[in-house]
Structure formats: structure tokens, C-alpha cells
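Have a look at the structure below, then the notes.
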Amino acid sequence: MAAGRGVAAEACVGQVVLPGDVLLLPAHPDEDGERLRLGAGAAPRGRLLCGPGLRRCAAGLLVTKCGLLRHRQAGGGAAAGGAYWVDSQQKRVGARRDYVGGGGEPPSCPRLTDLFVHEPRLQYVPVKGDHVIGIVTAKAGDVFKLDVGGSEQASLSYLAFEGATKRNRPNVQVGDLIYGQFLVANKDMEPEMVCIDSSGRSSGMGIIGQDGFLFKVSLGLIRKLLAPKCEIIQELSQLYPFELVLGMNGRIWVKAKTVQQTLIIVNILEACEYMTAEQRKQAFAKLSGN
């Protein structure tokens, strides 16, 4: 794509765009048709939303991130409306939202129409509320240190388990896998994890079993597997019975009845990211036949 000349944005939907590419927007007679805003008021007819990965320029939209260009039609049948954003695969979770309004600061409260893109980085950035899989690396007094794949280790108090007291301490050893969520995730503070929810229940969090297989995948696959009624999980459950733990830091723990079945599931999950639905069905049919 020629960055200086530009290409129609509609023609590039679903294709790979690179930083510096210019996307041209269709011209519309209404006054709000070409304005890109993310305001807190009522959405006018034909309004366009611009997600991070794209920036406003004189010719239209300037691509600032490498990825696939996505477009969503506006609700209510507005022909000129909708949203454009760049979808990219990465290992980092820190989300950044570019504001493209006509002045002022972006709205402080999140809205369903807010669009964002995750920047590709080498390390995971803790986000408050994320459920992750950590590896216990050390015991420091009453606190455990966990490797969550970030730039620094997270801390986990021995009281952050269901039913834990000073006399009834959880049996956590170095090397154990912990599934929990971030209670504190701030760039100026050490990340802090807990294994209980707001009501003090474990809700599936805690120490993961000794057996099983731990591996890393992209965040795109994690989000696909966490989607409601995920076809991959449904098809796998018909193949073998297994246990599965998904962490938003890109880690997956899986355990089946045998080591062979566990490795088969691991290979399937890693390959599903690059397989179409038809290819996946053929692979499952071949495995079920064996």
C-alpha cells in the first residue's frame, strides 16, 4: 500500500496494514459524516469511531500499528457510521485507547463503544482483575513471590486463600502453579495477587495440581478460548475428557487422563490458532477415528 497516496479504508478491511499507510474515508454530504469523535453524548447519525492503531490525518486515517484492519457497522442502519481499528496479536496485555475527539480529554468512564488495541510487546503487563497463572519462585516471610511473565514478580499473601489463617496456612511450595487474579496492578507498585473473590470464596482459584502440562500461547488464542460457547473447547471435550486452566498472561495448563492425550490436546490448541474451522474439523475427525 502506498503511504503517500492512500487506499480506500473499505477495500483494506480484513487485510494487513503497516505503520505509515494512509486509509481514505468515503465522502458523505452530512456534516458529521467525516468527523471522528469519541464523545460521551448521544451518537449522531453517521458518526465514525477510530480505535487505537489508527490516527486522524488530513487525508483520512494514518496507521500507527501493524495488524489486521477491522471495521464494524454502526447500529441503527447509519450508512456512514461504524468503527475502524487495527487488530494485532501480542503477548502484552496493557491496553491503550487513542482519543480522536475534537478537543478536550477523553471520557473518564468506559463505554461499550470504546475501542482499543493491544500493543505488541515482549512481556506481560499486569492488569487489575486479570486471572493469570503464576509460578511460585520464592517464599519471603508471609508472602510468596510468583513469576507471571512480567517485568517483575507478583506477591501473594498466605492469607489470600480461602479459609487460610495464621494457624491454617496453605501448603504452597516453590515451583507450584497458582491460578489467581490481580488485586493491585499499578506501574508504581508491586503487583499483588489473591486467590479469593470479593466474597472470600476461591471460585476455582488456588493451587493447580502437580500433574499436567503448562505452555504459552498468544493472547488472541486465549481470548478465543475464553469466548462463550467456544467451538474449540466443545470439540475437544467430545474428543477427550480433560482439565483446562487459561491465564490472561498467555499461559495454559491442561491435564488429560494420560500423557499421550495431554500432549495431543496441547498440540491441537497450539495449532488451532492458525487453522480454519474446516481444517480444525478435519483434524478432529481424524483423531476421533483413531
Of everything in segment 142-153 that's surrounded by 17 or more Cβ atoms within 10 Å (Cβ to Cβ) and part of a loop (DSSP other than H, G, I, E, B), which residue is farthest from the chain's Cα centre (by Cα)? Gln153
Between a first residue in segment 208-219 that is under 7 Å from Trp253 (Cα atoms) and a second residue that is in a strand (DSSP E or B) and open to solvent by 40 Å² or more (accessible area, probe 1.4 Å), which pairs have beta carbons less than 6 Å apart while being 6 or more apart in sequence or on different chains? Gly212/Lys255
Based on this model, can you work out whether Val266 counts as touching a Phe, Trp or Tyr at 6+ places or on another chain (Cβ under 6 Å) and not assigned by TED's automatic domain parsing to the domain that holds Ile135? yes
With the checklist (1) of a type outside the set (A, V, I, L, M); (2) in contact with a helix residue (DSSP H, G or I) (Cβ under 7 Å, 6 or more places away or on another chain); (3) more than 30 Å from Gln282 (Cβ to Cβ) in hand, flag the one item Ser151 doesn't pass. (2)
Within segment 60-74, can you find the residues that are without any contact (Cβ under 8 Å) to a residue 60 or more places away in the chain and either part of a strand (DSSP E or B) or not polar (S, T, N, Q) (or both)? Gly60, Leu61, Leu62, Val63, Lys65, Cys66, Gly67, Leu68, Arg70, Arg72, Ala74
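Considering only segment 154-170, how many residues are touching a residue at least 12 places away in the same chain (Cβ under 8 Å) and either in contact with a His (Cβ under 7 Å, 6 or more places away or on another chain) or not in a strand (DSSP E or B) (or both)?
Total meeting the criteria: 6.
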Could you grab me the full set of residues in segment 55-73 that are farther than 14 Å from Leu24 by Cβ, open to solvent by 60 Å² or more (accessible area, probe 1.4 Å) and of a type outside the set (D, E, K, R)? Cys66, Gln73
Gly200: of a type outside the set (D, E, K, R) and either part of a loop (DSSP other than H, G, I, E, B) or farther than 28 Å from Val259 by Cα (or both), yes or no? yes
Could you please tell me which pairs satisfy a Cβ distance under 6 Å, a separation of 6+ or placement on different chains, a first residue in segment 182-196 that is part of a loop (DSSP other than H, G, I, E, B), and a second residue that is open to solvent by 30 Å² or more (accessible area, probe 1.4 Å) and charged (D, E, K, R)? Ala185/Lys128; Ile196/Glu162
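Residues in segment 266-273: is at least one more than 17 Å from the chain's Cα centre (by Cα), in a strand (DSSP E or B) and under 29 Å from Ala154 (Cα atoms)?
No, segment 266-273 contains no residue that is more than 17 Å from the chain's Cα centre (by Cα), in a strand (DSSP E or B) and under 29 Å from Ala154 (Cα atoms).
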Just one of Ala59, Ala78, Ala43 is touching a Gly at 6+ places or on another chain (Cβ under 6 Å), modelled with pLDDT under 75 and aliphatic (A, V, I, L, M); which is it? Ala78
Segment 191-212: number of residues that are within 21 Å of Thr137 (Cβ to Cβ) and open to solvent by 80 Å² or more (accessible area, probe 1.4 Å): 2
Within segment 165-184, can you find the residues that are more than 17 Å from Ile208 (Cβ to Cβ) and surrounded by fewer than 16 Cβ atoms within 10 Å (Cβ to Cβ)? Thr165, Lys166, Arg167, Asn168, Arg169, Val184
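If you check Glu273, Glu243, Glu278, which single one turns out to be in contact with a Gly (Cβ under 8 Å, 6 or more places away or on another chain), more than 19 Å from Leu146 (Cβ to Cβ) and open to solvent by 50 Å² or more (accessible area, probe 1.4 Å)?
Glu243
The values are calculated or read from the model by the stated rules, or taken from the named source; none is laboratory data. Source: prediction; values computed, not measured. Methodologically, a virtual Cβ is constructed for each residue, glycine included, from the backbone with ideal geometry; neighbour enumeration extends over all protein chains shown. For the accessible areas, the whole protein counts, side chains as well, though only heavy atoms, and no ligand, DNA or RNA atoms are used. Shrake-Rupley method; radii C 1.70, N 1.55, O 1.52, S 1.80 Å.
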